[in-house]
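Reading through the structure tokens given below for one structure.
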Amino acid sequence: MTLQEIRGLIRDVPDFPQAGIVFKDITPLLADPKGFASTIEQLAQRVGDYQADAILAIESRGFIFGSALAHHMGLPFHLVRKQGKLPREAFSMAYELEYGVDHLEVHRDAIAPNHRYLIVDDVIATGGTAEAVAKLVTQQGATVAAFAFLIELAFLNGREKLSAYPIESLIAY
Ligand code: AMP
């Protein structure tokens, strides 16, 4: 499937979850087996050269693409979750929301110093979420191999926050 066809399976939902936001709805893509498979194959091709040791995926839609990618590439898969969800000892990193601050967490034994991590999410918007995960990785002496996103909202310039790292996105708006 071409990127143009994959793009055709992503729906714009205006004013969700609040006025002024155009939400990128990936559920039609997930409901299309050829579209979903092709998305994972193309993401895997893009990130194959970064020599990642493991994938870190960001709650919650990042889990969908990150786990499929980990399966496809034969890589270990780790969860980056919102605060309070992980059952064992975790590292925590604050990040700014539009109103206030939240925390992302990862199990301590998921981050090995000197390992290279591919960080995966569905959408990069402002880049704040992805930047927090990069800090979680680098503060433990590990390396961000690259970021992979299905969708990049380029007009929000999220790349600028992640300029120290390679970024792959399949579809830009
Ligand atoms: P940000 O930290 O601003 O880059 O936001 C990224 C996170 O918010 C990702 O986990 C996305 O799933 C979600 N997100 C932000 N904007 C949108 C959007 N327009 N459509 C769908 N998801 C979005």
GNM top mover of Gly35, Gly158, Gly100 - the chain, alpha-carbon springs below 10 Å | Gly100
Which of the lysines could a cross-linker bridge to Lys82, judged by Cα under 17 Å and excluding same-chain residues fewer than eight apart?
-> Lys135
Among the chymotrypsin sites (Phe, Trp or Tyr not before Pro) in the stretch 27-102, which ones are in a DSSP loop with at most 14 other Cβ atoms within 10 Å of the Cβ? Mind listing them?
-> Tyr99
In whole Å, what are the Cα extents of the stretch 1-71 along the three principal axes, biggest one first?
-> 41, 26, 18
Sparsely packed trypsin sites (Lys or Arg not before Pro) within the stretch 87-173, loop by DSSP, other Cβ within 10 Å at most 14 | Arg88
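Antiparallel versus total DSSP beta bridges in the chain: what percent is that, nearest 5? Intermediate results must be reported in sequence, preceding the final value.
On the way: 13 of 34 bridges.
Taking every DSSP beta bridge within the chain, about 40 percent pair in antiparallel fashion.
When 1/r is averaged over all different Cα pairs and the result inverted, which Kirkwood radius in Å belongs to the stretch 100-161?
Values: mean 1/r = 0.0811 Å⁻¹.
After inverting the mean inverse Cα-Cα distance, the result is 12.3 Å.
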Which residue, Ser163, Ser67, Ser92, tops the fluctuation ranking in a GNM of the chain built on C-alpha contacts under 10 Å?
-> Ser163
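When the Kirkwood radius is taken over all Cα pairs of the chain, what Stokes-Einstein diffusion coefficient follows at 4 °C and 1.567 mPa s, in µm²/s?
Details: Rh = 16.3 Å.
Approximately 79 µm²/s, per Stokes-Einstein.
Under 1.5 on a/c is rounded, so check that first for the stretch 88-136, then, if it is not, pick prolate when a/b is larger than b/c and oblate when it is not; a ≥ b ≥ c are the square roots of the alpha carbon gyration tensor eigenvalues.
Numbers: a/c = 2.58, a/b = 1.42, b/c = 1.82.
Note, shape of the stretch 88-136 comes out oblate.
Using only DSSP helix segments of four residues or longer, with each worth -39500 (n - 2.57), what per-residue ellipticity at 222 nm results for the chain after dividing by its residue count and rounding to 500?
Numbers: 5 runs with 48 residues, N = 173.
That calculation yields -8000 deg cm²/dmol at 222 nm.
Taking Cα pairs under 8 Å and at least six residues apart, what relative contact order does the chain come out at, in percent? It would help to have the intermediate numbers written out before the result.
Working: 330 pairs, mean separation 32.0, N = 173.
RCO, the chain: 18 percent.
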Mind checking the per residue accessible area of the stretch 90-132 for me, 1.4 Å probe, whole number of Å²?
-> 47
For the chain, give the percent of accessible area contributed by carbon and sulfur heavy atoms, probe 1.4 Å, rounded to a whole number.
-> 50
Picking from Gln51, Gln18, Gln83, which is most flexible by a Gaussian network model of the chain using Cα springs under 10 Å?
-> Gln18
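Suppose we flag GluC sites (Glu not before Pro) only when DSSP calls them loop and at most 10 other Cβ atoms lie within 10 Å. Which is the longest uninterrupted stretch of the chain? Before the final figure, lay out the partial values.
Working: sites that count: Glu89, Glu98.
Result for the longest clean stretch: 1-88.
The values are calculated or read from the model by the stated rules, or taken from the named source; none is laboratory data. Being a predicted model, the structure only gives us computed values, none of them experimental. Backbone-built Cβ (ideal geometry, glycine too); neighbour counts: all protein chains shown. Just the protein is used for accessible areas: all its heavy atoms, side chains included, with ligands, DNA and RNA removed. Shrake-Rupley method; radii C 1.70, N 1.55, O 1.52, S 1.80 Å.
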